[in-house]
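The values are calculated or read from the model by the stated rules, or taken from the named source; none is laboratory data. In this text the structure is predicted, and so the values were computed from the model without any measurement. Backbone-built Cβ (ideal geometry, glycine too); neighbour counts: all protein chains shown. Remember, those area values only see protein heavy atoms, side chains included, never the ligands or the DNA or RNA. Shrake-Rupley method; radii C 1.70, N 1.55, O 1.52, S 1.80 Å.
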Amino acid sequence: MCVSVYICYSLVTSLLVGVVSLKSSYDGGRLGESSGHHVNALEASACSAAWWAGRDVTRLGQQRARGSVEVEGVVHMRRSRRLKIREECRVFHMSDTQIKEVMSRLHNELVRGLGKNTHSKASVKCWLTYIQDLPNGKERGKFLALDLGGTNFRVLIINLGDNHFDMQSKIYAVPNHIMTGTGVALFDHIAECLANFMKEHEVYDERLALGFTFSFPLKQTGLTKGILQRWTKGFSCSGVVNEDVVQALKDAISRRGDIQIDVCGILNDTTGTLMSCAWKNHNCKIGLIAGTGSNACYVEKTENCELFEENNGKLQMLINTEWGAFGDDGSLDFIRTEFDREVDTHSINRGKQIFEKMIAGMYLGEIVRLALEKLTRMDLLFDGRGSDLLFKRNSFYTKYVSEIESDLPGEFTSCRDVLEELGLAHATEADMAAVRYVCECVSRRAAHLVSAGIATLLNKMNDPVVTVGIDGSVYRFHPHFHTLMCEKIEYLVRPGITFDLMLSEDGSGRGAALVAAVACHQSQQQGA
């Protein structure tokens with residue numbers, strides 16, 4: 001009997017592994033639960049499916065063969081724990097009805113953000129970027145890019161030619177005394193680094209166009225005009241908030257008087273991602289950041305952009321949605337969990353960026369940790385024995401989620417390493433399978449929410465073929481995020497819409513240079 005049960009378990013596991021090669025998401029092993037799309041069991045990972053479906057069947061058969069009633073009771077207890085863990089994690093599962101409701105509410109907020117009379121009250125602001133032309137592959141020449149978004153900034157020079165793209169860059173530090181000093185000192189420092197960079201690359205005497213990626217809260221009122229709303233990331237330079245940062249950079253360059261730079265556009269990293277991908281793929285009309293934070297931009301019809309008062313005859317406008325704030329008005333409360341609320345309560349921007357806190361890398365690890373902490377205190381994990389690190393806020397990094405889910409089915413090498421690092425060396429294999437299951441539930445929910453957002457944009461645009469340019473550590477490093485997104489978007493988009501997902505290459509740098517390149521190309525065409 002022992003051998004026959006083991007053979008049966010092995011066959012079941014092998015079948016599950018084969019299925020998972022097609023469907024990589026996970027739904028707690030709920031077989032035959034009809035919701036109008038993929039059968040949920042097909043979305044299980046082999047590791048978790050074997051954990052739910054087979055592991056104790058084998059052990060139970062082995063112990064029965066030896067007539068051990070006592071161990072059979074232990075196996076029953078373990079199965080009961082797994083069922084309770086599964087029940088606790090149901091809060092991360094969203095039905096198709098719920099996902100479609102999320103899409104409906106997001107669509108309504110997009111419309112409100114674009115509307116002149118509703119923009120101020122919309123949670124999704126849909127800011128105009130004033131970029132109306134995408135790269136067409138005909139841009140040529142040398143262009144500079146400046147990427148400022150933290151304690152370091154980059155300067156890049158890009159040479160566009162026939163079918164080639166040469167790029168060189170250098171990273172410069174922003175000393176702490178400059179981060180907390182005056183705005184004049186900050187931009188003078190940047191201008192000095194620009195001059196040094198141009199000398200090093202032997203373009204000191206040339207007049208070059210520059211694209212400026214500025215990753216701080218910005219109200220853009222023109223392609224080359226952006227008003228800083230507030231400093232973040234440790235910056236507190238005086239005299240910059242509520243001022244035009246493009247003009248501040250231009251003034252610093254003018255004060256030097258030794259370099260010739262035309263600032264042709266200001267943008268954020270999301271816009272840069274779209275521009276970078278559009279240079280290679282002209283169908284790219286959506287840009288997505290799925291990393292530490294999350295945001296999306298897309299190409300909208302100009303007639304729908306009520307805040308754009310010019311009439312220049314151009315039919316499209318790139319919109320920066322700032323969708324991280326979706327839900328700030330309570331519209332996502334129907335799917336938020338106790339863990340989401342706990343994360344928000346202890347964040348530095350309580351009540352803000354609700355959507356982002358459910359999908360972004362800054363928060364996913366903490367959501368997993370909170371779930372693991374609850375299960376441990378319920379005596380469902382680690383025999384109820386946690387650790388100081390497990391109970392410490394923000395100690396479970398989002399990279400752990402990617403590492404744990406990267407283990408091959410039935411293996412727990414990375415999971416064991418992570419748990420040992422957290423002081424949980426006493427974790428059993430069943431504990432490790434449960435930890436992986438929790439990670440899968442949280443990351444799958446994030447992927448499905450992002451997919452709902454992208455599908456909403458695709459349906460709103462209603463273009464037959466669209467490429468989505470994507471950057472960010474969650475999308476780039478999570479082993480299943482791409483597959484989860486492809487499957488869910490395909491189910492959610494209208495019939496007749498074809499899409500593909502494209503990994504961006506240095507959107508904040510290359511994308512900025514391309515904004516400058518497109519602006520120059522358009523200027524040359526108008527002057528011809």
Using modelled amide H (1.01 Å from N, peptide plane; none on Pro or chain starts), what sits under 5 Å from the amide H of residue 498, excluding residues fewer than 5 places away? 465, 466
Checking the range 80-156 for chymotrypsin sites (Phe, Trp or Tyr not before Pro) in a loop per DSSP with at most 10 other beta-carbon atoms within 10 Å yields none
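Rolling a 1.4 angstrom probe over the protein heavy atoms, how many square angstrom per residue are accessible across the range 221-322?
42 Å²
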Can you run phi through the Karplus equation (6.51, -1.76, 1.60; θ = phi - 60°) for the range 107-119 and list ³J(HN,Hα) in whole Hz, with x for Gly and Pro? 4, 4, 5, 4, 4, 5, x, 7, x, 5, 8, 10, 4
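About the Cα centre of the range 148-219, what is the dipole size in debye to 20, counting +1 per Lys and Arg Cβ and -1 per Asp and Glu Cβ, all else neutral? Walk me through the numbers before you get to the answer.
Working: 5 positive and 8 negative charges, 76 e Å.
Rounded to the nearest 20 debye, it is 360 debye.
Starting from the residue with the highest accessible area, list 352, 488 in decreasing order, probe 1.4 Å. Spell out each step's value before the answer.
Values: 352 115, 488 5 Å².
Sorted descending by solvent-accessible area, the residues read 352, 488.
Can you send over the carbon and sulfur percentage of the accessible area for the range 248-401, probe radius 1.4 Å, protein chains only?
Working: 2780 of 6240 Å².
C and S fraction of accessible area: 45 percent.
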Assuming 0.36 nm per residue, please report the length gained on full extension of the stretch residue 309 to residue 184 beyond their Cα-Cα distance. 41.7 nm
Debye-sum result for the range 266-346 in log10 I(q)/I(0), which assumes one identical scatterer on each alpha carbon, at q = 0.17, 0.25 Å⁻¹: -0.83, -1.19
Hey, what do the phi angles of the range 328-342 turn into as Karplus ³J(HN,Hα) couplings, whole Hz, using 6.51/-1.76/1.60 and θ = phi - 60°, x for Gly and Pro? 4, 8, x, 6, 9, 4, 6, 10, 6, 10, 4, 6, 4, 5, 5
What is the list of residues in the range 286-308 whose amide nitrogen lies under 20 Å from a point 7 angstrom out from the Cα of residue 241, following Cα to Cβ? none
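How high is the FRET efficiency between residue 255 and residue 159 when r is their beta carbon distance and R₀ equals 22 Å, given to the nearest 0.05?
On the way: r = 28 Å, r/R0 = 1.28.
Plugging the Cβ-Cβ distance into 1/(1 + (r/R0)^6) gives 0.20.
Determine the per residue accessible area of the range 70-148 with all protein chains present and a 1.4 angstrom probe, expressed in square angstrom. Provide the component values of the computation, followed by the final result.
Numbers: 3780 Å² over 79 residues.
Heavy-atom SASA per residue in the range 70-148 reads 48 Å².
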Working out 0.36 nm times the residue gap between residue 95 and residue 281, then minus their Cα-Cα distance, what length gain in nm do you get to one decimal? 63.6 nm
From the backbone phi of the range 218-227, what are the Karplus-calculated ³J(HN,Hα) couplings (6.51 cos²θ - 1.76 cosθ + 1.60, θ = phi - 60°) in whole Hz, Gly and Pro given as x? 9, 9, 8, 10, x, 4, 10, 9, x, 9
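For the range 388-417, state which trypsin sites (Lys or Arg not before Pro) are in a DSSP loop and have at most 16 other beta carbons lying within 10 Å of their beta carbon. Before the final figure, lay out the partial values.
Working: sites: 392, 393, 399, 416; in loops: 392, 393.
Answer in residue order: 392, 393.
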Check residue 225: other-chain or 5+ apart residues with amide H under 5 Å from its amide H, H built from backbone geometry? 266
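Given a 1.4 Å probe, how much area per residue of the range 384-437 is accessible, in Å²?
47 Å²
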Non-local amide H neighbours of residue 290 (under 5 Å, H modeled in plane, Pro and chain starts lacking H): which ones? 471, 472, 475
Against the 2.2 N^0.38 Å rule of thumb, the C-alpha Rg of the range 397-463 sits at a ratio of 1.48
Label residue 334 and residue 352 with points 7 Å out from Cα along Cα→Cβ: what is the distance between them in nm? 2.8 nm
